[in-house]
Amino acid sequence: MPKNQFRDDFPILNNVKMNDEPLAYLDNAATSQKPQLVIDRISRYYGYENANIHRATHALALKATDDYEQVRDQVRHFINAKSRDEIIFTRSTTESLNWVAQRWGEAKLKPGDEIVLSILEHHSNLVPWQQVAKKTGARLRFLDFNQEGVIDLNAAKKTINAKTKIVSITQVSNVLGSIQPVKELAIMAHEVNAIMIVDAAQSVPHFKIDVQNLDCDFLAFSAHKMLGPTGVGVLYGKSELLEKIDPEFFGGEMIEEVSKNEASFKSGALRFEAGTQNIAGVIAFGAALTYLQKVGFDKIAAQDRSLMEAAISALQNRPQVKIYGSADPANHTGIISFNVGEIHPHDVSTVFDLDGVAIRAGHHCAEPLMNRLGVSATCRASFYFYNNLDDVERFLIAIKDTEDFFNRHPSKESSNG
Ligand code: PMP
């Protein structure tokens, strides 16, 4: 088996055992592993460079400020935003989406206005809009998907109408791995003067995103799913929209001038980043982006493809296994959701755990999608470019072990149906 050239960069993959078995980490959609250089970057910052940013003029503070702001430029180039002022650092995709829902949705929506989501959304792109709808009297509408797990554009044409003010859609389903036609949906949204928001938590780690080409108005993602640390998220917003939004939090370093009774605020992204930011996290995210760019999206896509092909073709020979979504490996972006007969997904993941294979079982923060699929939960294996065919083999052995165990000990309760 050819050696995966990136694997040795990730200490956890070679050094950690799970239940005395070498770790096969297949829970990348939950969070990716971190290369040593990202871990080192955090410790170098705290060990040798620690200072607050945008404040003091001593050399240490200036360097930390520079390093932090350079990552804003890096992110800008990474997603091809027009300006660095369009990149706001948050804590996560969840915070970014809540921010847009509250700062834009609550301020702009009126009773009778419509917010269009899909039935595939992660709760982070659903629950904030439910709250906005309750507060403003706006109505939620949902786009369905086809057999391939892809939003049906013909149905979308009928749902997106003059009442639509917001369309907010995930670019890759965190359950099915299917890629959604967000560019086409952005065109439809703009035709009726609505804004288009993209939840890119599962797409940015896997393929090149160009926000100008997508022509989305906001886009959200998390550093921790793309080799970076937890606690760092990105919200991209078009300048012309951000200019119309008031800051949510007030305090240090987002102000221009303050008198006893009045304050004026900075322009650009900084007025939305009140207080001391996650400096170490953002700087280490910069190291993660540099590494990811060296790997390159061509290699990431090729590895996604070869792992998905190997896993899906083997699973298709196992009649007990049901895969959700497309039969085409190309439409899985590193994610396979499945069930094994009537065995409860938590029981499946327990056998996997004993085999040293980390997968996720549950509703994946997408309960409406589970209802739509007619199950209460699924198992989800999610791969990234540092996984190899050995991991796929371990995954397939764990499936066989699950089947063997439950054939020997049939469960009385069924489960996922
Ligand atoms: N959206 C999608 C599609 C996701 O997969 C996730 C993470 N599972 C989120 C949003 C939320 O990301 P975070 O927990 O980093 O805020």
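Is there any pair with a first residue in segment 213-233 that is among the small types (G, A, S) and a second that is assigned to a helix (DSSP H, G or I) and within 12 Å of the ligand (Cβ to nearest atom) whose Cβ atoms are under 7 Å apart and which are 6 or more apart or on different chains, and what are they?
As it stands, the answer is A220/T93; A220/S96; A220/L97; S222/T93; G233/T93; G233/E95; G233/S96; G233/A223, since those pairs meet every condition given.
Mind listing just one residue for me: the one in segment 138-174 that is within 16 Å of A366 (Cα to Cα) and of a type in the set (G, A, S) and, of those, farthest from the chain's Cα centre (by Cα)?
Across segment 138-174, the extreme among qualifying residues is G149.
Among (1) out of contact with any Phe, Trp or Tyr (no Cβ under 6 Å at 6 or more places or on another chain); (2) open to solvent by less than 60 Å² (accessible area, probe 1.4 Å); (3) small (G, A, S), which single condition is A59 missing?
Here A59 clears every test but (2).
Pull up segment 109-152, narrow it to residues that are more than 16 Å from the ligand (Cβ to nearest atom) and of a type in the set (V, I, T), then point me to the one that is most open to solvent (accessible area, probe 1.4 Å).
By that ranking, first place goes to T136.
Within segment 1-29, work out how many residues are aliphatic (A, V, I, L, M) and surrounded by fewer than 16 Cβ atoms within 10 Å (Cβ to Cβ).
Step one: list which residues in segment 1-29 are aliphatic (A, V, I, L, M), which gives 1, 12-13, 16, 18, 23-24, 26, 29.
Then drop every residue that is not surrounded by fewer than 16 Cβ atoms within 10 Å (Cβ to Cβ), which leaves 1, 12, 16.
Total satisfying the criteria: 3.
Only residues in segment 108-137 that are farther than 20 Å from M188 by Cβ count as the first member; pair them with residues that are of a type in the set (D, E, K, R) and within 16 Å of the ligand (Cβ to nearest atom), Cβ under 8 angstrom, at least 6 apart or cross-chain, and list the lot.
H122/D199; H123/E367; S124/D199
Would you call L315 under 30 Å from G47 (Cβ atoms) and surrounded by 13 or more Cβ atoms within 10 Å (Cβ to Cβ)?
Criteria not met by L315.
Looking at G275, G281, G286 in this structure, which one is part of a loop (DSSP other than H, G, I, E, B), open to solvent by less than 60 Å² (accessible area, probe 1.4 Å) and not hydrophobic (A, V, I, L, M, F, W, C)? Give the derivation first.
Numbers: G281 fails: part of a loop (DSSP other than H, G, I, E, B); G286 fails: part of a loop (DSSP other than H, G, I, E, B).
None of the others qualify; the one that does is G275.
The values are calculated or read from the model by the stated rules, or taken from the named source; none is laboratory data. Computed from a predicted structure; not experimentally measured. All Cβ positions, even for glycine, are placed from backbone atoms using ideal geometry, and neighbour counts span all protein chains on display. Calculation scope for accessible area: heavy atoms of the full protein, side chains included, ligands and nucleic acids excluded. Shrake-Rupley method; radii C 1.70, N 1.55, O 1.52, S 1.80 Å.
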